[in-house]
Amino acid sequence: MCKRFSLIACLVITTTVLRADDSQSVLRGDSLVQPNVPQGKITEHVWKSKVFADTLRRYSIYVPAQYDAARPAAVMVFQDGHAYVDPAGQFRATAVMDNLIHRGEIPVTIGIFVDPGHTSKTLPEERGWRPRPANRSFEYDTLSDQYARFLIEEVLPEVGKSYRLTKNASQRAICGISSGGICAWTVAWERPDVFGKVMSHVGSFVNIRGGHHYAALIRKTDRKPIRVFLQDGSEDLDNSHGNWPLANQQMAKSLAFKDYDYKFVYGVGGHNGIHGGAILPDSLRWLWRN
């Protein structure tokens with residue numbers, strides 16, 4: 001770990017390399033439902049978007065047991081929400097949030113788990129990547145402010161009708177896996193005044209729709225007030241879009257060059273959520289520290 005100082009703040013800039021170890025892929029402790037820990041409430045909803053015209057999607061809202069309507073809650077948005085909210089999945093994010101909020105290691109945080117849009121008139125019976133949502137790559141991989149506008153103009157106001165959400169960007173985080181990971185970065189890059197924290201698992205920072213340009217753009221753009229957690233593995237994809245492990249390493253190098261507050265955890269896994277899920281408790285502690 002190295003620490004660099006500015007007149008404004010101390011930025012902790014870290015790259016962690018993990019070698020082959022079973023601990024990378026085992027869910028334990030704070031990833032599991034624990035006795036005597038209050039569990040939050042999860043509700044499922046359907047949304048028809050105007051920003052992404054004629055798309056239909058499901059999303060879930062997680063409200064921790066400690067939520068108090070008298071105080072604005074922190075917010076964390078998850079792309080491919082079905083993967084993160086699944087109680088038997090690779091991330092089990094709500095169990096992690098229950099445990100960490102209970103001990104005060106992250107703030108009282110409302111989770112919004114948003115699926116990509118379907119262009120069909122009806123939704124599949126079950127949430128997931130099959131059948132593949134037709135609008136996913138367009139929504140997630142495009143380098144524009146459109147997905148940020150979708151969240152800011154539609155999703156956050158809708159959730160805000162029922163729950164009191166903070167407007168402090170440093171208390172708003174966004175997360176995703178694969179194309180959802182680059183989407184999370186794009187939202188904060190476009191609107192750091194709204195989202196100040198990013199978590200990306202095996203992010204698609206390759207040339208699907210121009211994502212490989214970010215490593216260069218970061219170097220040539222004034223640093224933005226974004227805290228970034230990146231995870232990837234040496235067995236991630238290598239295909240016509242690019243080499244995904246190399247792309248994530250280039251992102252980390254560019255973030256370091258511009259003195260971003262970032263952490264990059266690099267393991268040996270492939271293009272999945274196994275490693276990211278196993279380290280999710282520590283990742284959230286780091287993202288929400290202080």
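Throughout, read-outs are computed from the coordinates displayed, never taken from laboratory work. What you see is a predicted model; the values in this text were computed from it and never measured. Ideal geometry is used to build each Cβ from the backbone, glycine not excepted, and the neighbour counts take in all protein chains shown.
Using a 10 Å cut-off on Cβ atoms, rank the peptides 61-69, 274-282, 198-206 from the highest mean neighbour count down.
Ranked from most to least packed, the peptides come out as 198-206, 274-282, 61-69.
Relative to the Cα centre, what is the charge dipole magnitude of the chain, using +1 at the beta carbon of each Lys and Arg, -1 at the beta carbon of each Asp and Glu, and rounding to the nearest 20 debye?
Once rounded to the nearest 20, the dipole reads 740 debye.
Quick check on segment 169-227: take the gyration tensor over C-alpha atoms, sort the square-rooted eigenvalues as a ≥ b ≥ c, and tell me if it's rounded (a/c under 1.5), prolate or oblate.
In terms of gyration-tensor shape, oblate.
For L165, which sequence-distant residues (separation of 5 or more, or a different chain) have an amide H within less than 5 Å of its own amide H, given hydrogens modelled in the peptide plane?
Close amide H contacts, sequence-distant or interchain: A73.
Choose one of I208, V194, P281: the residue whose Cα lies farthest towards the positive end of the charge dipole of segment 14-287 (beta-carbon charges +1 Lys, Arg; -1 Asp, Glu; about the Cα centre).
With unit charges placed on the Cβ atoms, the residue in question is V194.
Rounded if a/c is under 1.5, else prolate if a/b is larger than b/c, else oblate: which is segment 204-290, with a ≥ b ≥ c the root eigenvalues of its Cα gyration tensor?
Because a/c hits 1.5 or more and a/b fails to exceed b/c, segment 204-290 counts as oblate.
Using a 10 Å cut-off around each Cβ, can you sort S162, S234 from fewest to most neighbouring Cβ atoms?
S162, S234
Taking H placed 1.01 Å from N in the peptide plane, check which residues at least 5 places from V77 or on another chain put their amide H under 5 Å from its amide H.
I112, A173, I174, C175
Taking amide H atoms as placed 1.01 Å from N in the peptide plane, list the residues 5 or more away in sequence, or in a different chain, whose amide H sits under 5 Å from that of R227.
Under 5 Å from the amide H of R227: K197, V198.
With θ set to phi - 60° and the Karplus curve 6.51 cos²θ - 1.76 cosθ + 1.60, what are the ³J(HN,Hα) couplings of segment 217-226 in order, to the nearest whole Hz, using x for Gly and Pro?
Result, ordered by residue: 4, 4, 5, 9, 10, 3, 4, 9, x, 10 Hz.
Under a point spin-label approximation (7 Å from Cα along Cα-to-Cβ), what is the V37-R71 distance to one decimal in nm?
2.0
Give the average over all directions of the projected area of the C-alpha convex hull of the chain, one decimal, in nm².
Its Cα hull, projected and averaged over all orientations, spans 14.7 nm².
Pull out the extension gain between A216 and K50, defined as 0.36 nm times the separation in residues minus the alpha carbon to alpha carbon distance; nm, one decimal.
Length gained, A216 through K50: 56.5 nm.
Do the alpha carbons of any pairs in K48/K161; K50/K253; K167/K220; K50/K258 sit beyond 26 Å of each other, and which pairs?
Table pairs above 26 Å Cα-Cα are K50/K253; K167/K220; K50/K258.
Which whole-Hz couplings ³J(HN,Hα) result when phi for each residue of segment 149-159 is put into the Karplus expression 6.51 cos²θ - 1.76 cosθ + 1.60, θ = phi - 60°, listed in order with x for Gly and Pro?
5, 4, 6, 6, 8, 10, 5, 4, x, 5, 5
Could you work out how much longer the chain between N207 and E105 gets when fully extended? Use 0.36 nm per residue separation minus the Cα distance between them, nm to one decimal.
33.1 nm
Antiparallel DSSP bridges in the chain: what percent, to the nearest 5?
Within the chain, antiparallel bridges account for around 35 percent of the total.
Order these by the 10 Å Cβ neighbour count, fewest first: D232, D222, D259.
Placing the least packed residue first, the sequence is D222, D259, D232.
Using the Cα gyration tensor of segment 66-210, with a ≥ b ≥ c the square roots of its eigenvalues, what is the shape: rounded (a/c below 1.5), prolate (a/b larger than b/c) or oblate (neither)?
Prolate is the answer for segment 66-210, as a/c is 1.5 or above and a/b outweighs b/c.
Taking only DSSP H segments of four or more residues, each worth -39500 (n - 2.57), what value at 222 nm results for the chain once the sum is divided by all its residues, to the nearest 500 deg cm²/dmol?
It comes out at -7000 deg cm²/dmol, rounded to the nearest 500.
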